[in-house]
Amino acid sequence: MTNREKSQSPLLIVLAFFSIYVIWGSTYLLNKIAVAELPPFILAGIRFGFAGISIFGIAKLGSLDKANGLLFSKALPPE
C-alpha cells in the first residue's frame, strides 16, 4: 500500500462527492431564479464579473506576480 492509498479516507471521498453534488445542484436552482428575475445582459455581466474577479484572485495567489489593477483596467472599454 502506498502513501497515497493510505491518505484517502472514505469519509473525505464521500464529503468531496457531497460537496460537488450540492454546489453543482445549486447552480441549476440559482440559474432558474436568475433567468426569471434578471434581464439577460445583467445576468451575463454578473457571471463574467464574478469569473473575472475569481481569475484575478487566483492569479494573485498563484505565481502571476504582475496581476494588478492596472493590468485589468486596460481591459475596460474607453469612456
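FYI, it's all coordinate maths here, none of it is from the lab. If you're wondering where the values come from, they're calculated on a predicted model, not measured in any experiment.
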**Message:** Suppose the chain between Ala34 and Tyr21 were pulled fully straight at 0.36 nm per residue; how much longer would it get relative to their current alpha carbon spacing?
**Reply:** 2.7 nm
**Prompt:** Which ³J(HN,Hα) values, rounded to whole Hz and listed in residue order, are derived for the range 24-35 from phi using the Karplus coefficients 6.51, -1.76 and 1.60 in 6.51 cos²θ - 1.76 cosθ + 1.60 with θ = phi - 60°, glycine and proline given as x?
**Reply:** 5, x, 5, 5, 5, 5, 5, 5, 5, 5, 5, 5
**Complete:** Taking 0.36 nm per residue of separation between Ile46 and Ile58 and subtracting their Cα-Cα distance, the length gained on full extension comes to 2.5 nm
